1. Rounded to the nearest 500, what is the 222 nm mean residue ellipticity of the protein assembly as shown from helices alone, with -39500 (n - 2.57) per DSSP H run of 4+ residues and division by all residues?
2. Which value, in debye to the nearest 20, describes the size of the charge dipole of the stretch A:388-681 about its Cα centre when Lys and Arg Cβ atoms bear +1, Asp and Glu Cβ atoms bear -1, and nothing else is charged?
3. Taking the Cα centre of chain B as origin and charging only Cβ (+1 Lys, Arg; -1 Asp, Glu), how large is the dipole, in debye to the nearest 20?
4. So, R0 is 45 Å and r is the distance between the beta-carbons of B:A37 and A:Q50; what FRET efficiency does that work out to, to 0.05?
5. Can you give me the Cα centroid spacing of the stretch A:676-744 and the stretch A:530-581 in angstrom?
6. Is the C-alpha gyration tensor of the stretch B:598-715 telling us rounded, prolate or oblate? Criteria: a/c under 1.5 is rounded; beyond that, a/b larger than b/c is prolate, otherwise oblate.
7. Can you pull the three principal axis extents for the Cα set of the stretch A:388-681, in Å, largest first?
8. What are the residues whose amide H is under 5 Å from the amide H of B:K326, where those residues sit 5 or more places off or on another chain and H is modelled from the backbone?
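The values are calculated or read from the model by the stated rules, or taken from the named source; none is laboratory data. The shown structure was predicted, so the numbers you read here are calculated from the model rather than taken from an experiment. Quick reminder, even Gly has a Cβ in these numbers, built from the backbone with ideal geometry, and neighbours come from all protein chains shown. Each accessible area value is taken on the protein alone, full model and side chains, heavy atoms only, with ligands, DNA and RNA left out. Shrake-Rupley method; radii C 1.70, N 1.55, O 1.52, S 1.80 Å.
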Number of protein chains: 2
Amino acid sequence: MNRVLRSILVLMLMSSNTQAQHPGLTLTKGGVEKIMAGLNEAPLFKKELQLVQNEIDRQIERGIDVPIPKDMAGGYTHEQHKNNYKWMYKAGNLYQFTRDDKYAEYAKQMLFEYSKMYPSLSLHPTNRSYATGKIFWQCLNDANWLVFASQAYDCIYDYLSKQERNRLEAELFVPFANFLSEENPRFFNRIHNHSTWANAAVGLIALAMDNDTLLEKALYGLKSDGINPEEIDNDGGFIKKEGVLEAGFLAQLDLSFSPEGYFSEGPYYQRYAIFPFLVFGHALHNKKPDLKIFEYRDQILLKATKSLLNLTDPHGNFFPINDAQKGMNFTAFELITAVDLMCYIFKDESSLLNWASMQRSVAFNEAGYYVAQKLKDKSQVNPIKESVYYGDGVNGMDGGVSVLRQGNTDLFFKFSSHGMGHGHFDRLSYSLFDSSGEAIQDYGAVRWVNVDQKAGGRYLPENKTFGKQTVAHNTVVINETSQCEGKVKIAENHSPDLYHKDFTNPNYKIISARDDDAYANVDMHRILVLLEDEDFHEPLLIDLFAVNAQEKVKVDLPLWYQGALMQTSFNATKSTTALEPLGSSYGYQHIWKESKESLEAGNFKLNWFGNNRFYTLTGFSNASDEFIMGRAGANDPNYNLRNDPVFIQRKSNIDHGVFFNLIESHGVYSTVTEIPINPYGQIVKSEIHHADEKYIICSFSNEVHQWFVYFAREDSNPDANHQLTLGEDSFSWKGTCKLVKTKI
Amino acid sequence: MNRVLRSILVLMLMSSNTQAQHPGLTLTKGGVEKIMAGLNEAPLFKKELQLVQNEIDRQIERGIDVPIPKDMAGGYTHEQHKNNYKWMYKAGNLYQFTRDDKYAEYAKQMLFEYSKMYPSLSLHPTNRSYATGKIFWQCLNDANWLVFASQAYDCIYDYLSKQERNRLEAELFVPFANFLSEENPRFFNRIHNHSTWANAAVGLIALAMDNDTLLEKALYGLKSDGINPEEIDNDGGFIKKEGVLEAGFLAQLDLSFSPEGYFSEGPYYQRYAIFPFLVFGHALHNKKPDLKIFEYRDQILLKATKSLLNLTDPHGNFFPINDAQKGMNFTAFELITAVDLMCYIFKDESSLLNWASMQRSVAFNEAGYYVAQKLKDKSQVNPIKESVYYGDGVNGMDGGVSVLRQGNTDLFFKFSSHGMGHGHFDRLSYSLFDSSGEAIQDYGAVRWVNVDQKAGGRYLPENKTFGKQTVAHNTVVINETSQCEGKVKIAENHSPDLYHKDFTNPNYKIISARDDDAYANVDMHRILVLLEDEDFHEPLLIDLFAVNAQEKVKVDLPLWYQGALMQTSFNATKSTTALEPLGSSYGYQHIWKESKESLEAGNFKLNWFGNNRFYTLTGFSNASDEFIMGRAGANDPNYNLRNDPVFIQRKSNIDHGVFFNLIESHGVYSTVTEIPINPYGQIVKSEIHHADEKYIICSFSNEVHQWFVYFAREDSNPDANHQLTLGEDSFSWKGTCKLVKTKI
């Protein structure tokens, strides 16, 4: 959208259909009436109301506490202010639902406590953020505060006298909004989840106060910000994206997501980022219906919600890529808000209602009420998740992510853009999940979010030195150096490319991507197939990773498996009396080297047990290949790392090579029955018959069948015909990839 | 019971009331009629019947496979023969329930396959056991086979012709029983769970065949066995207990359990051992009712069942002491059999029915049917477990074990006899459990039961060199040497002594024991209190461990905590670039030394996070004390050990000293809400005011209260009056231990 068009839109918006009724943001007068009349038709909402009422009654008894800001996240003042904004928000809503003045009075008194303190506050004393707040150590938390406080204010607006409102607005809300915007352009005028919070916070209070000046800033950003393009934030991300001039809420909608709703930082951050989009969106929907915010950019907020839900493993946990803390899932507060609101806005989206049925809790607003009604007589229905591919970037052309789904197994493949400051250097990495949990893991972030004991809940130093480094991921490392030299600036220049995908076959799914930029003069190409076949107990993972370099390089392929090593077909004796780090930099310094052995040419096997399951990797090695067993935890003075195991396949001094790995999940064991079922895999042989830059032909077999994979590496045209003759054998196929099963 | 009395009993038993009816062991003609008539009144049994029928129908379709014995546990022939005996047992029972000849025919054909093979079998080729079997690598498994095969035979007895029966008995059963008894006296004539299986196996086939000669052996053992008293079994246990001459099933009942039903090897093995007791007991109950086997030794089998159930943690897992594999629980097949049979025999034991309701499955016999009927309209009821103390040894005088229970917390304390070959050198050790899992763990056995990849499922070498050693447990190690020099022979000479217990107070439970024999010239005395107090979020563990030596010694107190270290009040920087083992023997060689630091005199704190909970240890140290952080896994070439963390408090060069530790469980954290609740403990100070061989006076405090513990170490008379003056303070109390809470 160009600047002229925007100005017209602004005029239109400001002049028209502003509804001055209160409440009018995420709750409306009409909504309140409907809810109170139909409470018995919405048992989940009624339960939520009761829970909130108990909580706030308890707080009213304990009294209000608005301390002078002092602590980092996890500390007392931080947690108290966080609780305060939630409590006043809930009290405001309760006032609407119950018409009991005590709730309005509680929110009012709290707001006045803040209005007394706020004018005297200088910056938070911690001074550790690129954008230090006043109430919290970072502006981000201050924005959180205003998002909730605005809604509280909206709910008790009519309870307050005009004089009281004037005082709160003049002494608290307007200065607060100005601080988050004009006084912190680096925080406000950026395309980033932090700024979405900032835009939403300023926008919500603008709508609550009917302040068009602030609303324009919220929607379209500051007119000038004077940000130096070299400036970076606390996570090492650049404040400004090259070439991006737009800012404000609508620009966030334009630029934060791919066309299908993927968010570059990954689902953990998308879960966090989507909340202000939805809350401000909800308020705009109520106050500025002409804006049709939920239709904006082809229903981008609906797509964003759906992509989030699709990016969960079989247990509903988000795939923990980039700086994600593991264990965040679809029952998070933000996802309940998102699912309920999308159900409410897009009433035909029945699959969303299945997600809501699994969440077992609803949002504390009109959308939550709507969903609670719908769920009254509905039993839980497990939503069906299909294999998906999400292109990354504003145009969906900056690589992407994909989930192959077959049976109960999810394979997550990452070949997206870097993901800004929270990105990891992990192009072409995958992680593998089944109904019992993580089989091949992504380490996630080295951080204990909000846990004061661990550096106030912030990122720990090992997040940068290990968590983000390539060797901490299941992808190739060249010459013990991370992709893009571990530099965000280099990583943000180019993204990998999708090469081929095929989700059409009911028995297998294929994804393949290439990257030529992670390492200068090195081309990487990975092909992943998830195959369900009656011969195997669980879906089989076929992993081909081809590397071509213009000079001789050392190539490591780590696999961070979960569990206990059972058996190897080769010698892997663990060092008995001393451990040393595997290397000195790029994350290698954090891995204790437990063993390093040479492999013989041909097949090797590794069998492990994790999550009550047995797994076997069958690999194919050349004579000079090595195999390293390791464990995270070296150079970790403060015990910040989990002591997780890894094995690394190493090819040294090569200019081309293909890793060909098969991973079987084939058995279970219970400590109650003590009976191992199928403790061994059944693949007896695998082989690469041919591999060059044009074609790969490989095969594997069990006792009765042999499977061939034919793959064209240079032509992904689905109609292309390929032919290859190897000795007396001739292979011909149509399309990029063909799987053939034959009887031995 | 003396030999003369026995002979009279034998005569009485053999002459009277033998019922030749078939089936008559664990199933009776009358029972079958009752079950078939009332199937709809017993839905759980009906479900079990359906499951078994499906399983056996599938097996009948697949055909019979009786391979020549060859493999270790986990291998093909081992697993096939294990399955075979279960299948023929089930087929036999099915024949009775359905009257469908195909089931009888299946069991018959299988038995004939065995009878064809058996005469030609020499010993199993593995030759790895102190008592090698024929069908399996150890006689123990052969006995398992006969226990089930006897019941199968009993069920199809009337289906077979007399000629067929004669052939099976002459070619299979009698030689089989003779092999297990006369030909393997070391296996048969011992007081040990292996021998219970042997006795039951021979006894069951004797009852099925009405063979009084074999029955006498089963009940009373071999008349002479010629066992050398120095012989040991595969686990390092002695075959013969000094002074014990009796053998056979009744002697097992006399000597295997303490008067209250505790079994020296611990609950994991008791669970395994109890099964043949119950099956043979059930058959004797039916065939030899005059023996009143379930009244024997004051209902010892009922007591044994109840003690087993009491020795489970809040999740129902057995406390994993000695050579236990973790994760075995009350839903194990043997426990279902035990609970159902005890419900059936002792119809007034209503608490057992609660356990049955939690098992959700019933035994495939008349007892299971009885319980299924009772459960038809009963919902699940969590059984209530109280604090318990079990004296060990035949007279209950060889030390014991105790579980302190307060709130949802279980503290297991071990001061029992050694537990024969499966015992660990862990006197006065404890482990701590709460509703979220293990907080302070017992490592358990270094073994993967039945998992072929791990040495055929047998004990791994590290079980002896680490698992059994003192440092692998939460108790004191003197001079880096295990208790009793790590020798079973020394350990079996003496047991620790209960000093004091008090379970009478609703808010706290106390247990205390002493040991003077684990180390020459060293007296050890531990006092454990589990205190529930409104000031604390969860029950608080108070741990006092006093050591007195006649010369200067080094004293280590390891604590195997579960989880991730959050924070220490002292420097505990982990070695960054090299790890070495902590020592060279007695298990120390298996611990990587991560840090070793000197403590200052006074308090120190350690905060960790495990199972989604926060824990804090508050310790009290002298100036020269040291603190070691370590992790299992050194000298472990085959990756047999879990890499679990430990910390060790060390007092060097002392002749007396007291460890005073407080463990708080005080907070939770969820990765979905990301909000830590109470991440810090609240104890601010602890102090030992006085400690000598007579008295200990210590205290601890939070911000508002101070708690004192007064403890008399030399006089456990509950009516004794104690008085102690320290400077200006005077302490007086009645009884061994007093807790006092005062306002600060």
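1. Value at 222 nm, helices only: -9500 deg cm²/dmol.
2. Dipole magnitude for the stretch A:388-681 comes out near 740 debye.
3. 1540
4. Efficiency at R0 = 45 Å is approximately 0.35.
5. For the stretch A:676-744 versus the stretch A:530-581, the Cα centre distance is 20 Å.
6. oblate
7. So the extents along the principal axes, rounded to whole Å, are 52, 50, 44.
8. B:A445
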